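Asker: First, the structure itself, so that you have it in front of you.
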Amino acid sequence: MTRRPTPTFLIAVLALVVALAGATTAGYAAGKADGNSLIKKKSLSGNRLKPDSVTGKQVAEKSLGTVPTAAQADRAAVADRTPLSSVVPLAPATGWTSGAPGFAPAGYRIDGSGLVHLSGTLLRTSGVSDLMTTLPAAARPSTTIDAPVITFSGAAGGISIEPNGQVQLFGGDAEYVSLEGVVYLPAS
């Protein structure tokens, strides 16, 4: 006696055949087609692309805008061509003198980017005051700045530059304090 397949069995076999045929057809089509013919132009957003998959050949550079921080880079080029301002001497506070023997006197300059550069040396000649000098208004920071400095015998020290212009030593040896390398943005 021969058994006839049940309708459930026939539906299952038919579903299997359709599933296999669909996967085979899709695999065949994917192998024969390249990505350009499968994807409609201008249909992908940037987050759907692999990193570094788009090169300059695919981008019309003239269509790109200026990167926001590039404007600052343009100003940096101007600052590079701006002549350096001359060093303005700083008057030492009571008990301090400017310029250790063989070293430049204390001073500051403001560069083309508006940064203040301190330079030269100060040394305490008498007393115990840590107030070394007071900066003019144009060279004062908007907030207190603590900066590392080199002091006598190469010892590390620190200075504090206050919004009122006072420059005070808070570490190191006051016999010699180098202001070289102290750079900051002034308030104005």
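No lab work stands behind these numbers, since they all come straight from the coordinates. Only a predicted model underlies this, so the values are computations on that prediction, with no experimental measurement involved. Methodologically, a virtual Cβ is constructed for each residue, glycine included, from the backbone with ideal geometry; neighbour enumeration extends over all protein chains shown.
Asker: Residue by residue through the stretch 5-20, what is 3J(HN,Hα) from phi via Karplus (6.51 cos²θ - 1.76 cosθ + 1.60, θ = phi - 60°)? Round to whole Hz and write x for glycine and proline.
Answerer: Once rounded to whole Hz, the list reads x, 7, x, 5, 5, 4, 5, 5, 5, 4, 5, 5, 5, 4, 5, 5.
Asker: Please report, in whole Å³, the volume per residue of the convex hull around the C-alpha atoms of the stretch 88-184.
Answerer: Once divided by residue count, the hull of the stretch 88-184 is 86 Å³.
Asker: With a bin width of 5 angstrom, please list the P(r) values of the stretch 107-148 as percents of all Cα-Cα pairs, from the 0 bin to the one holding the largest distance.
Answerer: Bins of 5 Å from zero give 5, 15, 28, 25, 16, 8, 3, 1 percent of pairs.
Asker: Long-range amide H contacts for Val149: which residues qualify at under 5 Å (H placed 1.01 Å from N, peptide plane, sequence gap of 5 or more or a different chain)?
Answerer: Gly157, Gly158, Ile159
Asker: Here's something else I'd like to know. From the phi of every residue in the stretch 88-105, what ³J(HN,Hα) in whole Hz does the Karplus formula 6.51 cos²θ - 1.76 cosθ + 1.60 yield, where θ is phi - 60° and glycine or proline is x?
Answerer: Those phi angles translate into 9, x, 9, 7, x, 6, 4, x, 10, 10, 9, x, 5, x, x, 10, 5, x Hz.
Asker: Moving to a separate point now. Which stretch or stretches of the stretch 103-133 have amide N atoms under 16 Å from the point lying 7 Å from Ser86's Cα along the Cα→Cβ direction?
Answerer: Only 105-111 fall inside the zone, counting backbone N under 16 Å.
Asker: Oh, and also: Report, as a whole number in µm² per second, the diffusion coefficient that Stokes-Einstein gives for the stretch 145-188 at 20 °C and 1.002 mPa s using the Kirkwood radius over alpha carbon pairs.
Answerer: Rounded, D is 199 µm²/s.
Asker: Give the long-range amide H neighbours of Ser113: residues separated by 5 or more places, or on another chain, with amide H under 5 Å away, using H modelled in the peptide plane at 1.01 Å from N.
Answerer: Amide H to amide H, under 5 Å and 5 or more residues apart or across chains, Ser113 pairs with nothing.
Asker: How much length is gained if the chain between Ala156 and Ser53 is pulled fully straight, taking 0.36 nm per residue apart and subtracting their Cα-Cα distance, in nm to one decimal?
Answerer: Extra length from Ala156 to Ser53 when fully extended: 32.1 nm.
Asker: Apply the Karplus curve 6.51 cos²θ - 1.76 cosθ + 1.60, θ = phi - 60°, to the phi angles in the stretch 110-119 and return the couplings in whole Hz, x for Gly and Pro.
Answerer: Result, rounded to whole Hz: 10, 7, x, 8, x, 7, 8, 10, 7, 8.
Asker: Using 0.36 nm times the number of residues separating Leu16 and Tyr184, minus their current alpha carbon distance, what extension gain do you get?
Answerer: 53.0 nm
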